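S.K.: Take this structure, written in C-alpha cells, and hold onto it; I'll ask about it next.
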Amino acid sequence: MKSYDHKKIEEKWQKRWEEKELYKVENKTEGKENYYTLVEFPYPSGNLHTGHWYAFVVPDAFARYKRMKGENVLFPMGFDSFGLPAENAAIKHGIDPREWTYDNIAHMRDQIKRMGNAFDLSREVVTSDPEYYKWTQWLFLKLYEKGLSYRGKAVVNWDPVDKTVLANEQVLPDGTAERSGAKVGKKELKQWFFKITDYADRLVDDLEELDWPEEIKEAQRNWIGRSEGAILHFKIAPSVRNNTEQTQKNAEELPRNSASSPREAATSIEVFTTRPDTLFGTTYMVLSPEHRILEELKEKIENRDEVARYIDQSKEKTEIERTNEAQEKTGVELKGVKAINPGSREEIPIFVADYVIASYGTGAIMAVPAHDERDFAFAQKYNLPVKQVILPCKEDRNNPPQKGLEETEREVVVAFLKNNATGKYALLNWHGTLEGITTGIMGGIDDGETPEEAVLKEIQEEAAINNARVVRKNPWISSARYCASHKGVNRTSFAHWYICEVDSLSEQGEIPEEEAKLHTLIWVDEEEVLDALGPEDQKNMWSNFLRLSSILDSGKLIQSGEFDGLDSEDAKEAITKKVGGEMTSTYRIRDWLLSRQRYWGCPIPIVYDPEGNPHPVSEEHLPWLLPEDVKLGELTGKSPLATSKELHERVEHLFGVGWTPEYDTMDTFVDSSWYFLRYLDPYNETEFSSKEVQKAWMPVARYSGGAEHTTMHVLYSRFFQKALFDLGLVTESEPYRERLNRGLILGTDGRKMSKRWGNVVDPDEHVERVGADCVRTYLAFIGPYNEVGAYPWDMGGIAGVRRFLEKVNTLSEKVSDKEASEEITQLLHESIMKVGRDIESFKFNTSVSQLMVLSNRFAKEEEVPKEAFKTFLKLLAPFAPHLAEELWLSLRERGSTQNERGWTRNDSVHMQAWPEYDEALLKKPTAEIAIQVNGKLRGVLLLPLETSEEEVRAEAEKLPAVEKYLTEGEVSKVVFVPGKLINFVVKKA
RNA sequence: GCCCGGGUGGCGGAAUAGGUAUACGCGCGAGACUUAAAAUUUCGUGAUCGCAAGGUCGUGUGGGUUCGAUUCCCACCCCGGGCACCA
C-alpha cells in the first residue's frame, strides 16, 4: 500500500506550481469573468500563527472553488509592514526596524508558500516599501487639496515623566500611566486629521445597499452614532444687561455661530436635541465645563469663583470617572445669568455640569426633566421644576415619562383588514384587561366567553359587516412587562391580532379620517402599512403591531400652546421651525486623527515655512523618504523624526532656510485603507492604481477578515474609497461588496491563545507532522466560517481529518474502470451540489463533512469507480490541493501515455472545471416515509419516492405499532407529505 | 440601559419556505487482528424505565398557534459582541 507521504507530496507540488505559474492572474482572461476575493494582509510580526492560517487557508478553498467554476480569480497577499512592534524591537534589541521588518517578511513569505494557497504572489504589496508609501503620501496630498485632511488641535494624554503621548489604552483607570506610573495630564497638540465626519451620513446610508451581515452593519452604525434632531438657540436673558431691546435686536442679527466669537459678549447658546417636541418642558439649561461661552459670560456670572472651581475639578477627573453613569450628577448654577426658553419664553436657569460632554452635539443641552432620565435625576437633586409636556402612551417604552407623571390610555390595534379590491388595509383598535373588556368598539364579554372568544366574535361580526372574511386568526394573551407597574396595580394587558381578507370594504371617505383616528377604526393605505412594517418584518406580527400602534398613537403634546394635541413626532419639526432652529444630525464619530509620534510609519509629506504654516511636499519629491539617521527610544517628548539631521537638511535644501519638516508619521490604518487597489496594479509607476484596471476588478467581491476591524480598518477604507471616488480617482464608491467576519481559534484549553497560558499552537509543527492539507481541511471543518465563532484547537479533531485524508489516499489504490452504481451516482451528484453550495456560503465545515460521507461510501466498495473518484478529487481539491493533485496525476498516468515529466498547467486538477450536477439525479429513488400518529413517530417505511397517499396509508395501517394507536379512536384526518411522511390524526373515543 | 448575534449529546457542530432532531468529526464502550501495544477495522453511543418488544422525556425556561414546532408568535433567563451620562 502506498503510504501518504504529505511532506514529499507538498514540497513537490508547491515547487511545480510555482514553476508553472499556476496561480498567476491576468487582468483579463478571454471568456472569464473577473472575481476579486481578499483577505486582510498580515503585519510581519515574524511568524505565521494559527490565526493567520485560519485567515488565509480557508478563504483559499473558496478562491480555488471560484477558479474551478471558471472565473478569473484575483486572490492576492501582501504585508502591512509599518507599525510599532518594529520600533519597539529596535529600541529593545538595537536592531534597525527596517531590517527587522524585512527579515520577518522574508521568513513569513516562505511560511505562506507552505500553506499551498493559490495566492498570486507576483502582485505582493509591502506598505513600508517607498514604491508603496509614495502613493500613500500622494493620496494624502489629494485629500489635503480637497480639504479632507486638515491640521487641528487635539487633546492628547500626556505623560509628564516619559514626556510622551499615550494612547487611551496606556492610561490606567486611576489616571496614571501604565509605564511610568505618573499622573497623566492633558495636552493640546496640533495634529493631522481626516475629515471622516464629512462622510458620516454616506457611511451610514450606503450600508443599506451592502450585502453584509447585519451584525457588521449595526456595529458601524453604532460607531458612527448618528442621531437626528434639531439645533435650537436659547438667548441669554437680557435682564442682566438692563437693556432688553438692544440685546434682543443684536441676538437676531447675529449669525448662528456668533456665540463663540470672543469679542462680542455672548448672546445665545446653541443646543442639540433629539426631542425638540419637548422644548416647552425645558426648565433649565446645562453647559459642559469646557464650553467656550463660560469664558465669555464670566463678567456676568455672580458666583464665578464657585463656577471656576467646579470647572477645575472636572478637569481633574479622568474620562472614566466622568463617564461613569453610576456617579451622582453634580453641577453649579450660573448665578445672575438666565436663558430664555424660545418656546415658552420663560426665563430658565443655566448650570454647568460635567454630565454634559463637550465633544458631543454643541456641548450644551436644554434640560427636560419630565422626559429625560438624566435631566430628571439632576432636577430632583437641585430641586428644579419638572414640567410635563407630552402625554405618552403608558406602554410606549421608547419615550416613557419620568416616574409619577401622567400617562394616557393606549389604544391597541387588534385587527388588520385588507381590502383586496382596493388594496387598502383597515386597522381595528381595541384595548382591554383580563378582567373584562373595558373599551373599544367590540363591546363586552358575554357570560361564559373567554376574552379571546369575545374578540374573535367581534372581529367576525365587523368583518361580516364589511363583507370580509377572516383568513387567519392568531390571538395571544401576553403578560406584558410594560404594563406590570402601571399605577402600582399588577394588571395584565393583552391584545389580539387578526388578518382579514376583505372582498369589498367601505371606502375610506365614508369615515372622516379625524374621527377614525380618535376612535377605533383607522384607515391607512397599503404603502403606509408596508412602510411602517418594512418588508422583512411582516412575519413578526406582534412586534410590528406594537410598533404600528406606537406610530399611530404616540404621545400628544400638552402645555405647549398652539401645539397642544399634536402628535409628538409631528411636533418636532413644527416646533423647531417655529423657534428658528434647524433640523440636523449629530454624530458620535470624530474626525480621524492620523498623526502618530512614531518613527516606523509613512512620513506625512508636509513641511512648514518659517512662520509655521504647513505646505504640501510637491509630487516630484515623492516618495518623501523616511529618514534613516534617527535616534529611537529617547524621551525627548518629540517624534523620533525630529532627531534626523538628514531630514532637516533635506527640507532646508529643498525649501529654504528656516523651513522645518513634519515630524509625525501616519497611522498605519492609512496604509491599509487603499492596499486592495494597489494589488490591481502593483508595478504602476505613474498612477497609484489605474482606473482601467479598477474597472476590471473592483469592488472586492468578498472580503474576509477579523471582527476587530469592523469599526476601524473597514470603516476607514470605506471612507477612503468614498473620498477618492469624489476625487474621480476610483471607479466605485464602496470598496467591498461582501464582508465576512471570521471567528477565532482558541488554544486546546478553550482559552484565547496566549504566551501567558502556554497554550499557543504552532501551526508549523502540525504542518510538519500531518501536512498542510490536513491543517487546511481541519480548519475548514472546525465550524462555520461565516459566523464569528470561537473554536478550540482539538488534537483529536485534527487526527480525525488526517485519518480522512489517509482513507482517501488508500481509496485511490482501489480505483477501477467499473461503472458507478445508481446509488453512488446519486450520492456523487448530491455531493457536488452540497459541497459547492456550502463553499459558496462559507460553510466549509459541511462541505468537508459531505466529502467524508462520500469517501465513507467509496470505502464500502471493493472497487472504486474511476470517473466518480475523479469527480471526488475535484471536490477535494480546494481543501487538500496537494493530495488531490497527486492522486489526480496518479489516475491519469494509468490510462495516459503522458508521463509526469511532461506535466503542464492544464494537467493540474486545479485547472479542471468544477463538476456539474444533474438535478434529476439528486433525488433518491426510494424514500423513508415517517409514519406518525398525532404527530408522533410510530414507524418508518421504505417506499418508492412516488408512492401515492392511498398506498402509503394502506402500508402504514398494516404496521402493528401503528395499528395499535389507530384503533384507540377515530381517524379524523390524514396529513400526507409525498416522500416525507404520513400523519394520522386520531380522536380518542 | 439601547442595539446586534446566539443558546441543540460528554465536546466541535448538522438539520429551519414547520415534516423522521443530533449528519460529519472527536471522545467514550465492546469486539476482531496482534505474544503485546500502537495502528487498522467492525459494532454501539441523547436521557430514562424495561429481560425484551416497546414506552416516556428531550433543541435555555414558561406559554401560544398547528395534525405536527429546534424552526413561527409572546414573555422571561443566560452567553457573546457593538455603543453608552451621546442630549
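S.K.: Could you tally the net charge around A:V775, taking each other residue with its Cβ under 14 Å from the Cβ of A:V775, Lys/Arg +1 and Asp/Glu -1?
M.R.: Numbers: positive: A:K7, A:R114, A:R769, A:R776, A:R802; negative: A:E10, A:D60, A:D762, A:D764, A:E765, A:E768, A:D773, A:D794.
Net of charged neighbours comes to -3.
S.K.: Once amide H atoms are placed 1.01 Å from N in the peptide plane, what residues at a sequence separation of 5 or more from A:Y43, or on another chain, have their amide H within under 5 Å of its amide H?
M.R.: Excluding prolines and chain starts, which carry no amide H, the hits are A:D80.
S.K.: Tally Lys/Arg at +1 and Asp/Glu at -1 over every other residue whose Cβ is under 12 Å from the Cβ of A:I340; what's the total? Present the calculation step by step, with values, prior to reporting the outcome.
M.R.: Values: positive: A:K235, A:K338, A:R345; negative: A:E346, A:E347.
Here the charged neighbours net out to +1.
S.K.: Ranked highest first by the average count of other Cβ atoms within 10 Å around their residues, in what order do A:598-604, A:913-919 fall? Mind dumping the intermediate values first?
M.R.: Numbers: A:598-604: 26.1, A:913-919: 14.3.
Answer by packing, highest mean first, reads A:598-604, A:913-919.
S.K.: Right, something else. Evaluate E = 1/(1 + (r/R0)^6) for A:R345 and A:E569, where r is the Cβ-Cβ distance and R0 equals 22 Å; express this FRET efficiency to the nearest 0.05. Kindly include the intermediate steps, with their values, before the conclusion.
M.R.: Values: r = 24 Å, r/R0 = 1.11.
Efficiency, from the Cβ-Cβ distance: 0.35.
S.K.: Next question. Collect residues whose amide H, placed 1.01 Å from N in the peptide plane, falls under 5 Å from the amide H of A:L74; neighbours closer than 5 in sequence don't count.
M.R.: For A:L74, whose amide H was placed from the backbone, the distant partners under 5 Å are A:Y35, A:Y36, A:T37.
S.K.: What ranking of A:S672, A:S972 emerges when the number of other C-beta atoms within 10 Å of each C-beta is taken as an exposure proxy, fewest first?
M.R.: Numbers: A:S672 23, A:S972 9.
Ranked by crowding around the Cβ, least crowded first: A:S972, A:S672.
S.K.: Could you please report the charge total around A:K572, scoring K, R as +1 and D, E as -1 over all other residues with beta-carbon less than 10 angstrom from its beta-carbon? Write down the numbers at each step before the final one.
M.R.: Working: positive: A:R275, A:K577; negative: A:E228, A:D277, A:D567, A:E569, A:D570, A:E573.
Here the count lands on -4.
S.K.: Follow-up question, since we're still on this one. When a/c is below 1.5 the answer is rounded, else prolate if a/b is larger than b/c, else oblate, so apply that to the stretch A:84-167 with a ≥ b ≥ c taken from the square roots of the Cα gyration tensor eigenvalues.
M.R.: On the way: a/c = 2.86, a/b = 1.32, b/c = 2.17.
Judged from the Cα gyration tensor, the stretch A:84-167 comes out oblate (a/c at least 1.5, b/c at or above a/b).
S.K.: Could you derive backbone 3J(HN,Hα) for the stretch A:130-140 from the dihedral phi with the Karplus parameters 6.51, -1.76 and 1.60 (θ = phi - 60°), listing whole Hz in sequence and x where the residue is Gly or Pro?
M.R.: For the stretch A:130-140, the Karplus-derived couplings read x, 5, 8, 6, 3, 7, 4, 5, 4, 5, 4 Hz, x marking Gly and Pro.
S.K.: Rounded if a/c is under 1.5, else prolate if a/b is larger than b/c, else oblate: which is the stretch A:729-823, with a ≥ b ≥ c the root eigenvalues of its Cα gyration tensor? Walk me through the numbers on the way to the answer.
M.R.: Numbers: a/c = 2.54, a/b = 1.26, b/c = 2.02.
Verdict is oblate for the stretch A:729-823.
S.K.: Using amide H atoms built 1.01 Å from N in the peptide plane, name the residues 5+ places from A:R739, or on other chains, whose amide H lies under 5 Å from its own.
M.R.: A:Y703
S.K.: Test of the criteria: in the stretch A:723-813, which trypsin sites (Lys or Arg not before Pro) are in a DSSP loop and have at most 12 other Cβ atoms within 10 angstrom of their Cβ? Working shown, then result.
M.R.: Details: sites: A:R737, A:R739, A:R742, A:R751, A:K752, A:K755, A:R756, A:R769, A:R776, A:R802, A:R803, A:K807; in loops: A:R737, A:R751, A:K755, A:R756.
Here the trypsin sites (Lys or Arg not before Pro) that fit, given the DSSP loop and packing criteria, are A:K755, A:R756.
S.K.: What distance in nm separates the two pseudo spin-label positions at A:K755 and A:L625, each 7 Å out from Cα along the beta-carbon direction?
M.R.: Roughly 3.4 nm, to one decimal.
S.K.: Within a 10 angstrom radius of the beta carbon, how do A:H291, A:H107, A:H93, A:H713 rank from fewest other beta carbons to most?
M.R.: On the way: A:H291 21, A:H107 14, A:H93 8, A:H713 18.
Going from least to most buried by this count: A:H93, A:H107, A:H713, A:H291.
S.K.: Further, regarding this structure: According to a simple spin-label model (label point 7 Å from Cα along Cα-to-Cβ), what is the distance in nm between A:N303 and A:E21?
M.R.: Modelled inter-label distance: 8.0 nm.
All of the numbers you see were taken from the coordinates with simple rules; none came from a lab. The shown structure was predicted, so the numbers you read here are calculated from the model rather than taken from an experiment. Cβ atoms come from the backbone with ideal geometry, glycine included; neighbour counts cover every protein chain shown.
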